[in-house]
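All remarks here apply to the structure that follows.
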Amino acid sequence: MDVISKQIKERQIQINNWEDKDLDLLVKLNTPEMMEHLGGSESNEQVLKRHKRYLELGEKGKVFSITLSPDFEVVGSVVYWQSNWNNECVYEIGWSILPQFQGRGIATHAVRLAINEAIKERKYQYIHAFPSVENSASNAICRKLNFSLISDCKFEYPPGNFMHCNNWRLEINKS
C-alpha cells in the first residue's frame, strides 16, 4: 500500500466525548507496546480508575475517543486537562492511536480538533505536550501542529516514574 492510499482524509476523523462504552478502547490502548513511553501498562484496577477519572473530568478538561467514518470505528483517544507548569495554569494534552491505525495522520488531525475545543473555552494561554524524547511520532505531531519546543525536562508520569520528555508549548489564546 503506498503512502497516499494509507492516508486518511481529515473529514473521516472525528472526536467524540468520552462515554462509558469507551472502556473497551482504554483496555486496547493499555498494552506494553502502546504504553512503552508512558511507564508501562497499567493494572486492570488502574485502567478502571483512569476510565472513571475520564468520565468525571468535568470542567477540568475533555476526553475524546477518535473515530473514523463511515463506520465510526474507534481508533484512539485524545485528552486535554488543566495542569500547572512552572507555577502557570495551562492545559496539558496527550493522545494515543491503536497500532494498526498509526502513521496515517489520524493523531495529528484529532489533536488539532481537540486543540480547537480547548481554544473555544478561552481558559488558558498555552497548551503543553510532554512526549518522551524517544517517542519520535508524538514529537513529530507537535512539530506539525506548530508547537514550540521549549526544552527537554524530567516529567513524572505515572506518579513515581520520571521520564525524559520534551516540553512542547502552543499558544492557544492571546493574553
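Miscellaneous remarks
- Leading residue by the ranking (nearest to CYS142 (Cα to Cα)) among those in the stretch 69-96 that are touching a helix residue (DSSP H, G or I) at 6+ places or on another chain (Cβ under 6 Å), hydrophobic (A, V, I, L, M, F, W, C) and surrounded by 19 or more Cβ atoms within 10 Å (Cβ to Cβ): TRP95
- Matching residues, the stretch 69-108, being in a strand (DSSP E or B), of a type in the set (Ser, Thr, Tyr) and modelled with pLDDT of 95 or more: SER77, TYR80, TYR91
- SER138 falls short on exactly one of the conditions (1) out of contact with any Pro (no Cβ under 8 Å at 6 or more places or on another chain); (2) outside any strand (DSSP E or B); (3) under 23 Å from ARG112 (Cβ atoms), and that condition is (1).
- In the set (1) more than 15 Å from the chain's Cα centre (by Cα); (2) at pLDDT below 95; (3) hydrophobic (A, V, I, L, M, F, W, C), the condition left unmet by ILE119 is number (2).
- In the stretch 147-161, the residue that is farthest from the chain's Cα centre (by Cα) out of those that are surrounded by fewer than 10 Cβ atoms within 10 Å (Cβ to Cβ) and either modelled with pLDDT under 80 or farther than 16 Å from ASN86 by Cα (or both) is GLY160.
- Qualifying residue in the stretch 103-113 (condition: more than 26 Å from VAL47 (Cα to Cα) and surrounded by 13 or more Cβ atoms within 10 Å (Cβ to Cβ)): yes
The values are calculated or read from the model by the stated rules, or taken from the named source; none is laboratory data. Everything numeric in this text was worked out from a predicted model, so none of it was measured. Cβ sites come from the backbone with ideal geometry, for glycine too, and all protein chains shown count toward neighbours.
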